[in-house]
1. Answer yes or no as to whether Lys307 is part of a helix (DSSP H, G or I) and out of contact with any Phe, Trp or Tyr (no Cβ under 8 Å at 6 or more places or on another chain).
2. Taking the options Leu100, Leu28, Leu64, name whichever one is among the aliphatic types (A, V, I, L, M) and touching a strand residue (DSSP E or B) at 6+ places or on another chain (Cβ under 7 Å).
3. Any idea which of Pro16, Pro27 is more than 26 Å from Lys321 (Cβ to Cβ) and either in the same structural domain as Lys215 (by TED's automatic domain parsing) or surrounded by fewer than 20 Cβ atoms within 10 Å (Cβ to Cβ) (or both)?
4. Considering each residue of region 1-44, count those that are in contact (Cβ under 8 Å) with a residue 24 or more places away in the chain and within 24 Å of Glu74 (Cβ to Cβ), and give that number.
5. Across region 156-193, what is the number of residues that are part of a loop (DSSP other than H, G, I, E, B) and more than 28 Å from Phe89 (Cα to Cα)?
6. For region 276-321, which positions are among the aliphatic types (A, V, I, L, M), farther than 14 Å from Leu242 by Cα and at pLDDT 90 or above?
7. How many of the residues in region 310-323 are touching a strand residue (DSSP E or B) at 6+ places or on another chain (Cβ under 7 Å) and assigned to a helix (DSSP H, G or I)?
Amino acid sequence: MNIAFIPVRCGSKSIPFKNIKEFCEKPLVYWNLEALENSQNIDKIFVATDCEEIKNVVNSFNFLKVEVYDRDKENATDSASTESVMLEFINKQDFKDSDLFFLVQATSPLTQTKDFDEALERLKNEDADSLLTCIRTKRFFWDKDANPINYDFHNRPRRQDFDGLFMENGAFYINTVFNIKKDKNRLSGKISIHEMQEFTAVEIDEEDDWLIAEKMMYKYILSKRKTNIKIKLFLSDVDGTLTDAGMYYGENGEEFKKFNTHDGKGFELLRKAGIKTGIITSENTRIVANRAKKLKVDFLYQGLEYKGKLDIAKEICKKLKISLDEVAYIGDDINCKELLSHVGIAACPANALDEIKNISNIIKLSKSGGEGAVREFVEFILGNIIK
């Protein structure tokens with residue numbers, strides 16, 4: 001069995017509650033959990049915390065492999081080592097000695113699923129006992145006595161001819177349960193190195209690290225996700241999205257809404273692609289119920305007197321056993337903002353409020369609500385989805 005373990009504490013002095021502070025629109029700890037959840041090589045994921053707030057946030061992600069472990073208070077102090085909480089946890093479990101243990105650091109959010117998978121393959125191919133992650137640096141180093149460490153300054157090499165050095169980036173470590181118990185260390189025996197991309201060198205300890213890491217995340221990872229969409233559920237708002245936001249009344253007080261037939265075809269295309277569909281709206285009308293029936297949506301939630309749209313989406317995800325990352329949502333108004341900020345891919349019609357258009361990484365569609373915006377979003381998804 002392959003076990004991932006992420007230790008997180010409440011008590012960060014440089015950045016209070018940094019492990020659940022919003023990083024690129026998600027709590028910091030989310031990013032490693034997402035990458036691990038998406039790895040077919042990881043069987044179980046444990047988040048070790050002493051903090052009720054962190055525990056609640058982690059549970060709210062609804063990841064299928066993730067469990068929270070309540071770490072002992074004495075191993076959550078500033079002076080406690082990571083090894084101490086690792087050993088505490090392992091000694092309370094019924095793991096096999098041969099099980100592989102991935103120690104993963106939440107402060108390295110730029111780690112991707114492929115890093116865990118490739119590192120595991122390297123560990124096995126090199127028949128190593130343990131593994132650490134590094135980046136390759138081609139900087140020249142000197143000691144405190146002004147002696148060069150890794151080059152001859154009389155014969156300065158060109159960058160392209162210089163192998164450089166490996167620098168530990170602290171992203172994650174792999175070892176067996178047996179070795180960790182025996183050596184009381186995250187590394188032991190024959191050690192292998194998994195080389196990660198240079199931008200992963202940043203570890204979040206200070207505010208400046210946070211700013212740099214966010215820029216790296218958007219540039220190297222999130223900007224590329226539009227071509228790597230894996231969506232299992234499509235959700236839509238109604239007024240201003242499936243409709244033009246107009247309110248139409250007949251002489252006898254009848255209420256009408258204007259829908260677009262092209263959007264209806266979009267729902268049909270999603271259904272044929274095997275993607276579940278749903279409508280979530282704050283209003284409660286027979287008009288929407290009739291339209292939902294015509295569209296053959298799998299889920300219809302109206303009214304929402306006691307729950308927000310994000311809570312409803314989480315309920316649906318739980319039923320389908322999927323994560324919010326596998327959800328696409330289109331909305332246009334303030335009551336859509338929270339859900340738009342948490343799904344895997346979000347979009348808004350051209351007539352959406354500016355506050356919605358300013359959500360990070362949201363897709364701003366060229367068509368307005370009721371004029372085919374939903375169909376435009378559907379075609380984008382179907383044109384980029386991973387088969």
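1. Numbers: part of a helix (DSSP H, G or I): no; out of contact with any Phe, Trp or Tyr (no Cβ under 8 Å at 6 or more places or on another chain): yes.
No, not satisfied.
2. None of the other options fit; the residue is Leu100.
3. Working: Pro27 fails: more than 26 Å from Lys321 (Cβ to Cβ).
So the residue among Pro16, Pro27 that is more than 26 Å from Lys321 (Cβ to Cβ) and either in the same structural domain as Lys215 (by TED's automatic domain parsing) or surrounded by fewer than 20 Cβ atoms within 10 Å (Cβ to Cβ) (or both) is Pro16.
4. Adding up the residues that qualify gives 17.
5. Step one: of region 156-193, the residues part of a loop (DSSP other than H, G, I, E, B) are 156-158, 162-164, 184-190.
With the extra rule that they be more than 28 Å from Phe89 (Cα to Cα), the set shrinks to 156-158, 162-164.
Number satisfying all stated conditions: 6.
6. Hits for region 276-321 are Leu310, Ile312, Ala313, Ile316, Leu320.
7. Narrowing region 310-323 to residues touching a strand residue (DSSP E or B) at 6+ places or on another chain (Cβ under 7 Å): 312-313, 316-317, 320, 322.
Still in the list and also assigned to a helix (DSSP H, G or I): 312-313, 316-317, 320.
Residues flagged as touching a strand residue (DSSP E or B) at 6+ places or on another chain (Cβ under 7 Å) and assigned to a helix (DSSP H, G or I) within region 310-323 amount to 5.
Matching residues to (1) at pLDDT below 95; (2) among the hydrophobic types (A, V, I, L, M, F, W, C):
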{"site": "Ala4", "(1), (2)": "no, yes"}
{"site": "Cys10", "(1), (2)": "yes, yes"}
{"site": "Lys18", "(1), (2)": "yes, no"}
{"site": "Phe23", "(1), (2)": "yes, yes"}
{"site": "Lys26", "(1), (2)": "yes, no"}
{"site": "Ile54", "(1), (2)": "yes, yes"}
{"site": "Phe63", "(1), (2)": "yes, yes"}
{"site": "Val66", "(1), (2)": "yes, yes"}
{"site": "Ser84", "(1), (2)": "yes, no"}
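The values are calculated or read from the model by the stated rules, or taken from the named source; none is laboratory data. Nothing here was measured: the structure is a model prediction, and the numbers come from that model. All Cβ positions, glycine included, derive from the backbone under ideal geometry; neighbour counts span all protein chains shown.
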